[in-house]
C-alpha cells in the first residue's frame with residue numbers, strides 16, 4: 001500500500017551514487033546497402049566516419065559523427081528488422097537555418113519531400129535518404 005513516502009530503495013542510496021542516463025549514445029538508421037548509405041551520409045550530408053568495422057559476415061558496424069553532437073548515427077539493420085528500411089526516422093536532425101540548409105543539401109542531390117514549411121513551433125523540411133528513410137530537418 002502506498003503511503004505517500006518515497007520508497008526506501010531510492011532514499012537509501014545517496015543522490016550522487018544513483019545511476020543516471022547521461023545522453024543518447026547512438027541511433028540506428030536501417031539500410032539495404034551499407035556502402036551506398038555511407039556514401040550518402042558522408043558525401044551528401046557531410047557526416048564523418050567515427051567507426052567502420054566488421055560486425056558479422058553480412059554487415060559492418062558503421063558509426064557516423066554529426067557535427068559536434070555526442071550522439072552518433074549507426075548505419076545498421078538488426079537481423080529481423082529489415083521491414084524498418086524505408087520508414088520514418090522517429091527523431092529530427094537539427095541545423096541553424098532550415099532554408100539555407102535545404103538549398104545546400106538540395107544542390108548536393110538530397111531529395112526533399114517539399115520546400116521548408118514554417119509552423120508556429122518552428123521551420124522544418126523533410127528529406128529521404130537512398131533507402132527511402134524519411135527525416136525531419138528542423139532549426140534549433
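Read-outs: derived from the displayed coordinates by stated rules, not from any lab. Nothing here was measured: the structure is a model prediction, and the numbers come from that model. Using ideal geometry, Cβ is built from the backbone for each residue, glycine included, and neighbour counts are taken over all protein chains shown.
Suppose R0 equals 30 Å. What FRET efficiency, 1/(1 + (r/R0)^6) with r the Cβ-Cβ distance, do residue 92 and residue 39 give to the nearest 0.05?
On the way: r = 23 Å, r/R0 = 0.77.
About 0.85, to the nearest 0.05.
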Practice task
Please arrange 21, 73 by counting, for each residue, the other beta carbons lying within 10 Å of its beta carbon, fewest first.
Solution key: 21, 73
Handout entry: Sites residue 100 and residue 23 - FRET efficiency at Förster radius 35 Å, r taken between beta-carbons, to 0.05
Key = 0.80
Practice task
Would you look at the GNM of the chain, springs on alpha carbons closer than 10 Å, and say which of 30, 120, 54 moves the most?
Solution key: 120
Practice task
Estimate the FRET efficiency between residue 112 and residue 55 by the formula 1/(1 + (r/R0)^6), using the beta-carbon distance for r and 30 Å for R0, to the nearest 0.05.
Solution key: 0.45
Problem - Residue among 22, 77, 31 with the largest mean-square fluctuation in a Gaussian network model of the chain, springs linking Cα atoms under 10 Å - result: 22
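Using the 10 angstrom Cβ neighbour count as an exposure proxy, how do 117, 36 rank, fewest first? Let's see the in-between values first.
Details: 117 11, 36 14.
Ordered from fewest to most neighbouring Cβ atoms within 10 Å, 117, 36 come out as 117, 36.
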Exercise for the section: Using only alpha carbon pairs under 8 Å that are at least six residues apart, calculate the relative contact order of segment 22-139 and give it in whole percent. Expected result: 26 percent
Problem - Cα centroid separation - segment 118-140 against segment 18-84, whole Å - result: 19 Å
Exercise for the section: Identify which of 20, 74, 130 has the largest mean-square fluctuation in a Gaussian network model of the chain, with springs joining Cα atoms closer than 10 Å. Expected result: 20
Practice task
Run through the DSSP bridge list for the chain and note the antiparallel percent, rounded to the nearest 5.
Solution key: 70 percent
Handout entry: Isotropic mean projected area of the C-alpha convex hull, segment 22-139 (nm²)
Key = 7.9 nm²
